[in-house]
Amino acid sequence: MTKTYSCNDSPLAMAGTMGPMSDTKGERQLALDRLKAKRAFYGGLVAYVIVNAFLWAIWAFGHDRAMPPWPIWVTLGWGMGIAFAAWKTFGQQPITEADIEREVRRGKGSPSD
């Protein structure tokens, strides 16, 4: 099984700050962090949908639709934030021990990767 790390709990980031952690505790903490990130993302997504639906309803029913659709700016701006949050939550791959080894070799000038 390949050990994975988040950016803040890699062996390099933890050097000198903590004693060795068991794999079980480290894996449990990583799983807990992923679950928290997913919950936060879905909470933000629900807020995005509800608020945007409300703003679009105000625009559609509040006045003449001949006006430009001003809620588009909120939808696009906040939507970009949601897209970045989705990438961070679901798209980024965790740092593995192999990634760390490869970076160490690169730093020493090894021509392998």
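The values are calculated or read from the model by the stated rules, or taken from the named source; none is laboratory data. Because the structure is a prediction, the values reported are computed rather than measured. Neighbour counts are summed over all protein chains in view; Cβ atoms, including those assigned to glycine, are modelled from backbone coordinates with ideal geometry.
Looking at the stretch 78-106 only, could you name the residues that are touching a Phe, Trp or Tyr at 6+ places or on another chain (Cβ under 9 Å) and in a helix (DSSP H, G or I)?
Narrowing the stretch 78-106 to residues touching a Phe, Trp or Tyr at 6+ places or on another chain (Cβ under 9 Å): 78-79, 81-82, 85-86, 88-90, 94-97, 99-100.
Across the stretch 78-106, the qualifying residues are Trp78, Gly79, Gly81, Ile82, Ala85, Ala86, Lys88, Thr89, Phe90, Glu97, Asp99, Ile100.
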| query | Within the stretch 54-69, which residues are surrounded by 12 or more Cβ atoms within 10 Å (Cβ to Cβ) and either among the basic types (Lys, Arg) or within 30 Å of Phe90 (Cβ to Cβ) (or both)? | reply | Leu55, Trp56, Pro69
| task | For the stretch 70-77, state whether one or more residues are surrounded by 14 or more Cβ atoms within 10 Å (Cβ to Cβ), in a helix (DSSP H, G or I) and touching a residue at least 24 places away in the same chain (Cβ under 8 Å). | result | no
| Conditions: (1) modelled with pLDDT under 90; (2) under 16 Å from the mean Cα position of the chain (by Cα); (3) among the small types (Gly, Ala, Ser). Ala83 meets all but one. Number of the miss? | (1)
